[in-house]
1. Which residues, counting only those in segment 226-260, are more than 22 Å from the chain's Cα centre (by Cα) and exposed (fewer than 14 other Cβ atoms within 10 Å of the Cβ)?
2. Could you tell me whether segment 60-80 includes any residue that is small (Gly, Ala, Ser), modelled with pLDDT of 90 or more and part of a helix (DSSP H, G or I)?
3. Please go through segment 146-163 and pick out each residue that is within 32 Å of the chain's Cα centre (by Cα) and surrounded by 13 or more Cβ atoms within 10 Å (Cβ to Cβ).
4. Residues that are more than 18 Å from Ala206 (Cα to Cα) and assigned to a helix (DSSP H, G or I): does segment 240-255 have at least one?
5. Applying the selection to segment 157-186, what residues are without any contact (Cβ under 8 Å) to a residue 40 or more places away in the chain and assigned to a strand (DSSP E or B)?
6. Based on what the data block shows, is Ser20 modelled with pLDDT under 85 and out of contact with any strand residue (DSSP E or B) (no Cβ under 6 Å at 6 or more places or on another chain)?
7. Would you call Gly46 crowded, with 16+ Cβ neighbours inside 10 Å and at positive phi?
8. Do we have any residue at all in segment 187-201 that's in contact with a strand residue (DSSP E or B) (Cβ under 7 Å, 6 or more places away or on another chain), within 30 Å of Phe135 (Cα to Cα) and assigned to a loop (DSSP other than H, G, I, E, B)?
Amino acid sequence: MSSKSKPLFSSSIGKKLIMSLTGLFLCTFLVIHLIGNLQLFKNDEGYAFNNYAHFMSQFAPIKVVSYLLYASIVIHAVYSLVLTIKNKAARPVGYNQKAGNENSKWNSRNMGILGTIILVFLATHMQHFWFQYKFGTTPYIEYNTEIVTGNRQTISSDVLPSNYDGYKIFVNDGVETIQTKDLYKQVAYTFQNPLIVLLYLVAMAALAFHLIHGFQSAFQTIGFNHKRYIGFIRSVGIWVFGVIIPIAFAAMPLYFFFKG
């Protein structure tokens with residue numbers, strides 16, 4: 001069995017196949033992540049987004065998918081690095097460089113650079129939000145909503161109360177109370193830093209170029225490149241993953257930066 005499976009992981013075709021599958025999985029996650037993060041634009045003092053953040057961190061199937069996500073990022077990055085090193089080693093320096101530039105697009109020749117920018121962004125993103133939410137000093141908020149009228153009052157703090165022992169939701173005298181970490185405020189604070197905002201904008205530009213090439217390339221690698229469908233796949237790669245998704249993500253730091 002091991003001798004049969006070895007070529008899949010050791011050959012260039014096998015590595016490209018694994019990169020394609022992990023890349024498509026990451027594209028699927030991007031869509032889901034964007035839908036959840038659009039809650040940031042609601043004018044509800046973070047009510048929808050904070051409840052979404054708690055759901056994503058506690059719902060068991062989502063946690064399993066999160067581990068798969070982390071593994072996919074690592075595998076995708078490692079295999080990309082291995083293939084890049086292998087390709088450079090196999091190609092003499094300066095060999096047919098002019099022809100290569102003429103016959104391939106800029107983003108297809110610089111997927112490694114684009115991927116590196118995205119990795120730096122991911123590390124920064126995880127440190128500011130995931131790590132702070134799990135282990136750091138995320139602010140606190142309490143939502144008190146009158147069930148009959150829907151009127152809502154909030155109590156917020158820049159630090160968690162000493163008696164805070166996790167997300168709670170309960171009803172008392174017709175008032176629904178939710179006590180939770182205020183990741184929404186953490187996002188708002190973080191995006192007041194112009195350098196962080198700039199990093200996000202550069203990273204989203206890199207993501208756009210990376211996905212415009214990578215999305216279509218992934219389908220070609222797995223053999224799904226029939227002329228009947230390739231035009232649709234190319235359009236989805238350009239307009240959905242190369243334009244709409246990066247612009248939507250880039251709009252979030254800009255929204256909070258200019259909102260102040």
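1. Let us first name the residues in segment 226-260 that are more than 22 Å from the chain's Cα centre (by Cα), namely 226-232, 258-260.
Residues satisfying the conditions are His226, Lys227, Arg228, Tyr229, Gly231, Phe232, Phe258, Lys259, Gly260.
2. Here is the first cut: in segment 60-80, the ones small (Gly, Ala, Ser) are 60, 66, 71-72, 77, 80.
Retained after the next criterion (residues that are modelled with pLDDT of 90 or more): none.
Scanning segment 60-80, I find no residue that is small (Gly, Ala, Ser), modelled with pLDDT of 90 or more and part of a helix (DSSP H, G or I), so the answer is no.
3. Result: Arg152, Thr154, Ser156, Ser157, Leu160.
4. Taking segment 240-255 as the starting set, the residues that turn out to be more than 18 Å from Ala206 (Cα to Cα) are 255.
Subset that is assigned to a helix (DSSP H, G or I): 255.
Yes: one or more hits.
5. Step one: filter segment 157-186 for residues without any contact (Cβ under 8 Å) to a residue 40 or more places away in the chain, giving 157-166, 168-177, 179.
Listed by number, the residues that qualify are Ser157, Lys168, Ile169, Phe170, Val171, Asn172, Val175, Glu176, Thr177, Gln179.
6. Numbers: modelled with pLDDT under 85: no; out of contact with any strand residue (DSSP E or B) (no Cβ under 6 Å at 6 or more places or on another chain): yes.
No; evaluated as a whole, the condition is false for this residue.
7. Numbers: crowded, with 16+ Cβ neighbours inside 10 Å: yes; at positive phi: yes.
So Gly46 passes the test.
8. Of all residues in segment 187-201, those in contact with a strand residue (DSSP E or B) (Cβ under 7 Å, 6 or more places away or on another chain) come to none.
No: segment 187-201 contains no residue that is in contact with a strand residue (DSSP E or B) (Cβ under 7 Å, 6 or more places away or on another chain), within 30 Å of Phe135 (Cα to Cα) and assigned to a loop (DSSP other than H, G, I, E, B).
The values are calculated or read from the model by the stated rules, or taken from the named source; none is laboratory data. All of these numbers come straight from a predicted model, not from anything done at the bench. We place every Cβ from the backbone using ideal geometry, glycine too, and count neighbours over all the protein chains shown.
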